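To start, the structure under review is shown below, and the notes come after it.
FYI, it's all coordinate maths here, none of it is from the lab. If you're wondering where the values come from, they're calculated on a predicted model, not measured in any experiment. Quick reminder, even Gly has a Cβ in these numbers, built from the backbone with ideal geometry, and neighbours come from all protein chains shown.
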Amino acid sequence: MTTLITNIKELLQVRETSVSKVSGPEMAILPTIKNAFLILKDNLIHDFGSMENLPEIKADKVIDATGKIVLPSWCDSHTHIVYAGNREQEFVDRINGFTYEEIANRGGGILNSAKKLNETTEDEIYEQSKVRLEEVMHLGTGAVEIKSGYGLTIEGEMKMLRVIKKLDQNYPITIKATFLGAHAFPLHYKDNKSGYIDEIINQMIPEIAQNNLADYVDVFCETGYFSVEETEKIMQAGIESGLSPKIHVNQFNSIGGIQAGIKYKALSVDHLEIMKAEDIEALKNTETMPVALPSCSYFLSIPYTPAREMIKAGLPLALATDFNPGSTPSGNMNFVVATACIKMKMTPEEAINAATINGAYAMGISETHGSITKGKKANLILTKPISSYYQIPYAFGSNLIESVFIEGEILK
Ligand code: NIG
Ligand code: FE
């Protein structure tokens, strides 16, 4: 099956040779072709260029994209899409003055979601989660990382990871799975934290790795959750079982999580709302991708990741949603890109790079996703007619997407 898209007003994120990520000043450069064509063959990008050089080809389908923009679909490298129920009551409690921390301390928060998850059947969790997955696909996400972490028991964690696997099998979108047993301490381990760490290391990780249920291991490294020392132990155990770390750090406090992630060659360190100068310094010249989650900052009214300082220091930055029931009940990458521009002062070029190629890097798929490059997956966004790509962050509340291609096919 060959699809030819013609007269594309502007084709974004065109990379002749595959780059794995862009950093510092390179983030401001978004290579594009104006008045372009794009050829998809089966599930891959086959060819592209300027309309003047359109080769003679027999296409099964021709799409005229006059006035419209094409870009690679979003790569959302950090989500918790698989969960049960919601936490709308806590949302109202926060409006009434309680903090996220206070709600967590009285048994709400992650433990509230864990209770709901363990009371819900696997089929029902799948049904609830697939609605969210379908929604984000229609919002232009073509690859997504999904974490466990609301089970906090071996059965609950395995149940979540099986749901993630089933979503991966039933949907064309690329899914990477992350084991986040170290998301919070379950109540019955409140006074025996090392007991839970032992369970994670000696039971959960080996069982999950043996059943091939996860690609990555995550830890919520934060005051009141997992210490740096505990985080290091869990990362080490994950690595020994073939799971690279991608960790939650610096959401509320800077306690050395970034340095620990770097020490264990974490693929990404995520959140980064609270950054000290030494945290930025530590990330220089490493292969670890910093990931910002601006819709979490928005929803919780906490600081935004200091993107300008980080980019000025030469670092790369990726953007992701953090879609979860507590801190970010939204998986809209368009909103993330807009919020990064509006609140973090990223330029549209930087934000689009952060949500495509750098997002792909942060989930280990930049060889196949994140740019318009021959041989990469034909996962694309085709916009409605728009004046320029600045509209994507500018018109922050509008849906500018006309269609989404995943593996070369238009999403129905
Ligand atoms: O990334 N911070 C840790 N985990 C999630 C929130 C989890 C929850 O509140 O359910 C996050 O923000
Ligand atoms: Fe998260």
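At 0.36 nm per residue, and after removing the present C-alpha to C-alpha distance, how many nm does the segment from residue 301 to residue 26 gain when stretched out fully?
Working: separation 275, 0.36 × 275 = 99.00 nm, distance 3.00 nm.
Between residue 301 and residue 26, full extension yields an extra 96.0 nm.
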Residues meeting the amide H criterion for residue 289 (H placed from the backbone, H to H distance under 5 Å, 5 or more places apart or on another chain) are 268, 269
Subtracting the Cα-Cα distance of residue 153 and residue 309 from 0.36 nm times their residue separation yields 52.2 nm
So, with points 7 Å from each Cα along the Cβ direction, the residue 189-residue 59 label distance in nm works out to 5.3 nm
Here, residue 89 and residue 34, labelled 7 Å along Cα→Cβ, have an inter-label distance in nm of 5.7 nm
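Charges only on Cβ, +1 for Lys and Arg, -1 for Asp and Glu: so what's the dipole of the stretch 73-168 about the Cα centre, in debye to the nearest 20?
Values: 12 positive and 17 negative charges, 25 e Å.
Here the size comes out at about 120 debye.
What shape does the stretch 328-412 take by its C-alpha gyration tensor, where a ≥ b ≥ c are the square roots of the eigenvalues and a/c under 1.5 counts as rounded, a/b above b/c as prolate, and the rest as oblate? Could the numbers behind the result be given before it?
Working: a/c = 1.71, a/b = 1.24, b/c = 1.38.
Taking the square roots of the gyration eigenvalues as a ≥ b ≥ c, the stretch 328-412 is oblate.
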For 99, 178, ascending order of other Cβ atoms within 10 Å (fewest first) is 99, 178
The rounded separation in angstrom of the Cα centers of the stretch 23-45 and the stretch 360-378 is 11 Å
What the Cα atoms of the stretch 169-262 span along the principal axes, largest first and in whole Å, is 39, 26, 23
For the stretch 12-29, in residue order, the Karplus 3J(HN,Hα) values (coefficients 6.51, -1.76, 1.60; θ = phi - 60°; whole Hz; Gly and Pro = x) are 9, 6, 8, 10, 4, 10, 5, 10, 8, 6, 10, 10, x, x, 5, 5, 7, 9
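Which three semi-axes in whole Å describe the equivalent ellipsoid of the stretch 140-223, each the square root of 5 times a Cα gyration tensor eigenvalue, listed largest first?
Values: eigenvalues 125, 35, 20 Å².
Each semi-axis is the square root of five times an eigenvalue, giving 25, 13, 10 Å.
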A correct Stokes-Einstein calculation for the chain, using the alpha-carbon Kirkwood radius, 20 °C and 1.002 mPa s, returns a whole-number D in µm² s⁻¹ of 100 µm²/s
In whole angstrom, the spacing between the Cα centers of the stretch 86-115 and the stretch 234-304 equals 24 Å
Computed over the chain: longest principal axis from alpha-carbon atoms vs helix 333-344 long axis, angle to nearest 10 degrees, is 80 degrees
Restricted to the stretch 75-361, the DSSP antiparallel beta bridge percent, nearest 5, is 5 percent
Taking the square root of 5λ for each eigenvalue of the C-alpha gyration tensor of the stretch 217-288, the equivalent ellipsoid has semi-axes, largest first and in whole angstrom, of 18, 14, 9
For the stretch 375-381, in residue order, the Karplus 3J(HN,Hα) values (coefficients 6.51, -1.76, 1.60; θ = phi - 60°; whole Hz; Gly and Pro = x) are x, 7, 4, 7, 10, 9, 10
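Shape verdict for the stretch 229-334, please, from the Cα gyration tensor: rounded (a/c under 1.5), prolate (a/b greater than b/c) or oblate. Don't skip to the end; give the middle numbers.
On the way: a/c = 1.74, a/b = 1.24, b/c = 1.40.
In terms of gyration-tensor shape, oblate.
Could you tell me how many cubic angstrom of Cα convex hull volume the stretch 1-146 has per residue? Walk me through the numbers before you get to the answer.
Values: hull volume 27.3 nm³, N = 146.
That works out to 187 Å³ per residue.
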Everything considered on the Cα gyration tensor (a ≥ b ≥ c; rounded for a/c under 1.5, else prolate if a/b is larger than b/c, else oblate), the stretch 70-214 must be described as oblate
A correct fewest-to-most ranking of 271, 369 by other Cβ atoms within 10 Å would be 369, 271
Taking Cα atoms only, helix 110-119 is inclined relative to the longest principal axis of the chain by an angle, in degrees rounded to 10, of 90 degrees
Expected unfolding gain across residue 287-residue 101 under the 0.36 nm per residue rule, minus the alpha-carbon gap, is 63.8 nm
To the nearest 10 degrees, the tilt of helix 122-138 (Cα long axis) against the first principal axis of the alpha carbons of the chain is 40 degrees
Interchain or sequence-distant (5+) residues whose placed amide H lies within less than 5 Å of the amide H of residue 141 are 74
For the stretch 75-361 the mean separation of alpha carbon contacts under 8 Å (6+ apart) over residue count, i.e. relative contact order in percent, is 18 percent
Calc'd 3J(HN,Hα), the stretch 353-367, phi into Karplus 6.51 cos²θ - 1.76 cosθ + 1.60 (θ = phi - 60°), Hz, glycine/Pro = x, comes to 4, 5, 9, 10, 5, 6, x, 4, 4, 5, 10, x, 10, 6, 6
When 22, 269, 131 are arranged by how many other beta-carbons sit within 10 Å of their Cβ, fewest first, they go 131, 22, 269
tail above 12 Å in the computed P(r) of the stretch 186-230, as % of all Cα-Cα pairs, reads 67 percent
